[in-house]
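Colleague: Please find one structure pasted underneath; my questions will follow.
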Amino acid sequence: MAYTITSQCISCKLCLSVCPTGAVKIVDDHYLIDSELCTNCVGSIHTVPQCKAVCPTANGCVKQPSDYWESWFSKYNSVLAKLTNKQDYWECWYNTYSQKFSEQLKKQQVVV
Ligand code: SF4
Ligand code: SF4
């Protein structure tokens, strides 16, 4: 299965310049990988897929799922990443709340 570019792409152009087969294309300002040209970098001088290696995003360049379970795990990982981000959100919210609450307490202690 070829690599593919996901919605996490930020159009940095890095994969375009490193692909040894010219499989990365820009169509209507969107980056995509021509599955007919992508060799997964097998047979090139590279030992890892270059688009994935240089991509600055977490999942901008990913291998296309080839079967049900690969697809299932791909979906699972993407949902997990979203949940993890939400945990960051609540942790951040809690830290801000704690800081404000402790500032309020200090002010009340000064008044008393
Ligand atoms: S895996 Fe290799 S050949 Fe395929 S698009 Fe990425 S850089 Fe190009
Ligand atoms: S390297 Fe990643 S972020 Fe940059 S253009 Fe390619 S897919 Fe998009």
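Colleague: If I go through region 20-68 residue by residue, how many of them are out of contact with any strand residue (DSSP E or B) (no Cβ under 8 Å at 6 or more places or on another chain), among the hydroxyl-bearing types (Ser, Thr, Tyr) and either in a strand (DSSP E or B) or closer than 14 Å to Ala2 by Cα (or both)?
Modeller: Of the residues in region 20-68, 3 are out of contact with any strand residue (DSSP E or B) (no Cβ under 8 Å at 6 or more places or on another chain), among the hydroxyl-bearing types (Ser, Thr, Tyr) and either in a strand (DSSP E or B) or closer than 14 Å to Ala2 by Cα (or both).
Colleague: For region 5-19, give me the residue count where each residue is outside any loop (DSSP other than H, G, I, E, B) and surrounded by fewer than 16 Cβ atoms within 10 Å (Cβ to Cβ). Even if it seems obvious, please write down each step before you answer.
Modeller: From region 5-19, those outside any loop (DSSP other than H, G, I, E, B) are 5, 14-18; that's our starting set.
Among the residues that remain, those that are also surrounded by fewer than 16 Cβ atoms within 10 Å (Cβ to Cβ) are: 17.
Looking only at that region, the number is 1.
Colleague: Let me ask you something else. Would you mention how many residues in region 1-35 are among the acidic types (Asp, Glu) and near ligand 2 (Cβ under 8 Å from one of its atoms)?
Modeller: The total comes to 0.
Colleague: If a residue must be touching a helix residue (DSSP H, G or I) at 6+ places or on another chain (Cβ under 9 Å) and touching a residue at least 24 places away in the same chain (Cβ under 8 Å), how many such residues does region 24-52 contain?
Modeller: Within region 24-52, the subset touching a helix residue (DSSP H, G or I) at 6+ places or on another chain (Cβ under 9 Å) is 24-26, 31, 33, 38, 41, 44, 46, 50-52.
The next check asks that each one be touching a residue at least 24 places away in the same chain (Cβ under 8 Å); those that pass are 24, 31, 33, 38, 44, 46, 50-52.
Qualifying residue count, region 24-52: 9.
Taken together, the values in this text are just the output of simple stated rules run on the coordinates, not laboratory data. From a predicted model like this one, the values you see are computed outputs, not experimental measurements. Every residue, glycine as well, gets a Cβ built from its backbone with ideal geometry; the counts of neighbours run over all protein chains shown.
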